């Protein structure tokens, strides 16, 4: 175990640079904090690139550190303060390579996207809140559904998104596509129905039509919803029936209802 006492240490500078999305993409590295996330990460069979552990918690987390089986740095409180973004950090900071279950879709992957996705899935278009994206991934994992992120969605490797998934992103299938329309066309060409959640004149009410086991539901931006181009690319639209006491639902809440309806009455 190596020890770092200087906040200006080159390794510390390199790790703090990972706060920038472009650096994460370039280095294929991301980070997260906390005991629970590390436990879930290890449970999913992943191996960290390195750990940074605050000197006062080395003994407390000795078993977990040993399980990580990677390079470990013991750091002073001052050094850890430079690394952390948490208000009440537990003192354990993990750096990882990008995950194999999170796929950046290129043309080759796009052609085979329908075969890669088994069962129901949910597509997020331009969903920019890290909490919403993370929560949808967590709910999707619970319901056994893959997630497709399209357009200008929050970066899945942002520490805030990682935290919001509560470890679900370490195992669940996630596909990142530049274009929603191209992803929708690929799924439809592969025989899957793609259903937009949008208020239109012909929108079908969720719960009043049969959901097929391969259906993909599309959720739009928190404020603007789905574009006309995305809606027209889908098979049809659906709306969630509501009492009228509110105009709309939070994107993560809407996704939870849709995913539950997709799985309702089916065996896991």
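A few points about this structure:
- Nearest 10 degrees, 0 to 90: helix 130-143 Cα axis against the chain principal axis: 70 degrees
- When the Gaussian network model of the chain links Cα atoms closer than 10 Å, the mean-square fluctuations of 34, 225, 45 top out at 45.
- Considering helices alone, the calculated mean residue ellipticity of the chain at 222 nm is -9500 deg cm²/dmol, with DSSP H runs of length four and up weighted by -39500 (n - 2.57) and normalised per residue.
- The stretch 116-268: antiparallel DSSP beta bridges as a percent of all, rounded to 5: 5 percent
- Among beta bridges from DSSP that stay inside the chain, the antiparallel ones total about 25%.
- Cα-based shape type of the stretch 1-123, given that a ≥ b ≥ c are square roots of the gyration tensor eigenvalues and the cut on a/c is 1.5: prolate
- Residue of 74, 59, 204 that the Gaussian network model of the chain assigns the largest fluctuation, springs spanning Cα pairs under 10 Å: 59
- Length-normalised contact order for the chain - Cα pairs under 8 Å, 6+ apart - percent: 19 percent
- In the stretch 102-263, the convex hull through the Cα atoms has an average projected area of 8.6 nm², a quarter of its surface area.
Computed from the coordinates by the stated procedures, all read-outs in this text should not be read as laboratory data. None of the values given here were measured: they were computed from a predicted structure.
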